[in-house]
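Structure record follows, encoded as structure tokens.
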């Protein structure tokens, strides 16, 4: 069974964050999960994760959401 999660995150710096996290999706697929990020609008970042089991889905979601959080924090700190 394939499990899937889709997150749409509205943020002012969606384009910058997209540029920061997309190199990670080009590293290749993991054995149990696959994640993709795209800009669905100027201010909306969409993350889609597919995994073969719930543990892999949770781990991949944690990774993607943490990368987005770190990129957002770095942008915020650079604007101080």
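The values are calculated or read from the model by the stated rules, or taken from the named source; none is laboratory data. All of these numbers come straight from a predicted model, not from anything done at the bench. FYI the Cβ positions are ideal-geometry reconstructions off the backbone, even for glycines, and counts take in every protein chain you see.
Please specify each residue of the stretch 38-63 satisfying the condition of being over 10 Å from residue 14 (Cβ atoms) and touching a helix residue (DSSP H, G or I) at 6+ places or on another chain (Cβ under 7 Å).
Residues satisfying the conditions are 47, 49, 51.
Quick check: anything in the stretch 51-64 outside any helix (DSSP H, G or I), within 15 Å of the chain's Cα centre (by Cα) and at pLDDT 90 or above? Write out each step before concluding.
First, the residues of the stretch 51-64 that are outside any helix (DSSP H, G or I): 51-53.
Filter again for within 15 Å of the chain's Cα centre (by Cα), leaving 51.
Then keep just the ones that are at pLDDT 90 or above; that gives 51.
Yes - at least one qualifying residue is present in the stretch 51-64.
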